[in-house]
Amino acid sequence: MSRFQGFETPLSGVWCIERSIIGDARGFLSRVFCAEEFLGFGWKWPIAQINHARTEKHGTVRGMHFQQAPHSEAKLVSCVKGAVWDVAVDLRRGSPTLLKWTAQVLSADNHRALFIPPGCAHGFQTLEDGTELLYCHSHPYVPGADAGLNPQDPTLAIAWPTAITLLSDKDRQRPMLQESFEGLTP
């Protein structure tokens, strides 16, 4: 019996995954990850790192982050408290959806996750105060490989669902895309 149902997004290799819930009067159990079942979605790496992040204010944007090769990473992002509008941007050289984005609402109530393959940037906007996410990463964080796109880049034209109430200086100062950008090699 599968504990997951996957839905393809408009970006090849980016999946919205719904977790099955087993519950009773005590509460519920939900499997977050299963290497064998996730092969069907394209996850083929060991989990190298799991991070837990809390964002205090509704409307905060974090992103659009990625790691440069050879440290490119796949991510599985799940919301365990509150809700986010989770975004992936395709940065893969030669991809038919290069510089396109897709978004899903992830919440503690809908038990959805977003699987983002290497070569895509990731970011989100909180839809509730005190939102918490769990990230499974296929590669550990490498400071020298840290990179990102400006979440307000007009080339991307990400339609954030609410006004941005908080954005870090680092994300605000990320450069805008140049016309010469041809994509990344993950």
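A few notes on this one:
- Among the residues of segment 140-155, the one identified as under 21 Å from Gly59 (Cα atoms), in contact (Cβ under 8 Å) with a residue 24 or more places away in the chain and over 16 Å from the mean Cα position of the chain (by Cα) is Asp153.
- Among the criteria (1) surrounded by 15 or more Cβ atoms within 10 Å (Cβ to Cβ); (2) over 18 Å from the mean Cα position of the chain (by Cα), the one Glu179 does not fulfil is (1).
- Residue in segment 36-46 that is surrounded by 14 or more Cβ atoms within 10 Å (Cβ to Cβ), modelled with pLDDT under 95 and among the aliphatic types (A, V, I, L, M) present: no
- Test result for Asp109, assigned to a loop (DSSP other than H, G, I, E, B), of a type in the set (Asp, Glu) and without any contact (Cβ under 8 Å) to a residue 40 or more places away in the chain: yes
- Selected residue (only one of Phe124, Phe115 is touching a helix residue (DSSP H, G or I) at 6+ places or on another chain (Cβ under 7 Å) and closer than 30 Å to Leu29 by Cα): Phe115
- Checking Gly63, Gly59, Gly94, Gly40 one by one, the residue that is free of Cβ contacts under 8 Å to residues at least 60 places away in the same chain and not polar (S, T, N, Q) is Gly40 and no other.
- The number of residues in segment 113-167 being under 22 Å from Lys100 (Cβ atoms), of a type in the set (A, V, I, L, M, F, W, C) and not in a strand (DSSP E or B) comes to 7.
- The set of residues in segment 48-99 being among the basic types (Lys, Arg) and crowded, with 17+ Cβ neighbours inside 10 Å consists of Arg62, Lys75, Arg92.
- Evaluating Thr102 against the criteria (1) β-branched (Val, Ile, Thr); (2) within 19 Å of Trp43 (Cβ to Cβ); (3) without any contact (Cβ under 8 Å) to a residue 60 or more places away in the chain leaves one unmet condition, (3).
- Near pairs, Cβ below 9 angstrom, 6+ apart or cross-chain, from segment 7-24 (at positive phi and surrounded by 12 or more Cβ atoms within 10 Å (Cβ to Cβ)) to any residue that is modelled with pLDDT of 90 or more and assigned to a strand (DSSP E or B): Gly13/Asp90; Gly13/Arg92; Gly13/Phe115; Gly13/Ile116; Gly13/Cys120
- Against the conditions (1) surrounded by fewer than 12 Cβ atoms within 10 Å (Cβ to Cβ); (2) closer than 21 Å to Leu98 by Cα; (3) not polar (S, T, N, Q), Lys170 satisfies every one except (2).
- Meeting the requirement of 1 or more residues that are under 18 Å from the mean Cα position of the chain (by Cα), the strands (runs of 3 or more DSSP E) wholly within segment 5-103 are 15-19, 49-55, 60-67, 75-81, 83-90.
- When residues in segment 123-139 are screened for being surrounded by fewer than 22 Cβ atoms within 10 Å (Cβ to Cβ), within 15 Å of the chain's Cα centre (by Cα) and not hydrophobic (A, V, I, L, M, F, W, C), 5 of them pass.
The values are calculated or read from the model by the stated rules, or taken from the named source; none is laboratory data. Here the structure is a predicted model, which is why all the values come from computation and not from measurement. Cβ atoms come from the backbone with ideal geometry, glycine included; neighbour counts cover every protein chain shown.
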